[in-house]
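I have placed the structure first, in the form of C-alpha cells, so that the comments after it can refer back to it.
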Amino acid sequence: MGHRYLIALGSNRRHYRHGRPEAVLRAAFGALGRQPLELQAASPIFATAPLGPSRRRYANAAALVETALAPDSLLDHLKAIERAFGRRPGGRRWAARVLDLDIVLWSGGTWSSPRLTIPHTAFRQRLFVLRPAAALTPSWRDPLTGLTLRQHRARLTRPHPLPIAPPGRALSSVGRATDF
Ligand code: AMP
C-alpha cells in the first residue's frame, strides 16, 4: 500500500554540475520522482536572500511523494539522495549540505522512532518550510495540533492585530495584552 509524504527541500550551496541552489532543487525533484518514489506534486521554489554575515542564498521547496517505503526506510533513501548530491565524481565528498531533505508529514499521522519524528519537530516555526508546504497542500492537517498548513503559515506571517479598547475603557479592563 502506498504512503504519502510531504518532504521539505532546502539548498544553500552550489552543486558542481547543477549550479545554483534553485537548480539543485529542480534536480532533487527529479530524484524524488525515481523508483521507489513517485513524485505527485512539486511546489514553487522559494529563494531567500542571505541574511546577516552569511552570503549564501537559500532555496526552499516542498514535494508530495508517494511510496510503499515505511518512514525509516524513506529516511535512508533521502539520506542516500542527499549524499549523492554532496559528492564530486570520483566519490570525494565536497560539501556537506548541498541538499537537505526532511520529512514534514505523512499519511500515517504521527511516527516516532529513535531516528525519526513525524511531524518534523521544527516545521511549525519555520516559514521557509511552511511557505512551500502550504503552497502545495494547504489543507493537510498537522495531526498534533489539528491546524492546517495554511493556518500554520498564517500564524507566522499574519501581523498580530492590535487590541482595540472600547471607548472610555482602559486596555487592561478588556484583557491582557498577551490575549491578542
Ligand atoms: P538535519 O541535519 O537537521 O537534517 O537532521 C538530520 C537527522 O534528523 C536525520 O539523520 C534524522 O535521523 C533526524 N530526524 C528526525 N526527524 C526527522 C524528520 N522528520 N525528517 C528528517 N530527519 C529527521
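FYI, it's all coordinate maths here, none of it is from the lab. Just so you know, these numbers come straight off a predicted model, no measurement behind them. FYI the Cβ positions are ideal-geometry reconstructions off the backbone, even for glycines, and counts take in every protein chain you see.
Pairs of Cα atoms in the range 111-155 fall into 5 Å distance bins, from 0 up to the last occupied one, in shares of 6, 24, 32, 22, 11, 5, 0 percent.
Each peptide among 24-31, 6-13, 139-146, 69-76 gets the average number of other Cβ atoms lying within 10 Å of its residues, and from highest to lowest they stand as 6-13, 24-31, 69-76, 139-146. Here the Karplus relation 6.51 cos²θ - 1.76 cosθ + 1.60, evaluated at θ = phi - 60°, turns the backbone of the range 17-30 into coupling constants of 10, 6, x, 5, x, 4, 6, 4, 5, 4, 5, 5, 4, x Hz, with x for every Gly and Pro.
Take every Cα pair under 8 Å in the range 3-158 that's 6+ residues apart, average their separations, divide by the length, and report that relative contact order as a whole percent. Computed value for the range 3-158: 27 percent relative contact order. The local environment of Arg26, defined by Cβ-Cβ distances under 13 Å, has a net charge of +1 under the rule Lys, Arg +1 and Asp, Glu -1. Judged by the mean number of other Cβ atoms found within 10 Å, the most tightly packed of the peptides 14-21, 114-121 leads the ranking 14-21, 114-121.
Classify the range 3-158 as rounded, prolate or oblate from the Cα gyration tensor: take a ≥ b ≥ c as the square roots of its eigenvalues, call it rounded if a/c is under 1.5, otherwise prolate when a/b beats b/c and oblate if not. It comes out oblate by the Cα gyration axes. Each Lys and Arg adds +1 at its Cβ and each Asp and Glu adds -1 at its Cβ; summed about the Cα centre, the range 5-80 shows a dipole of about 640 debye.
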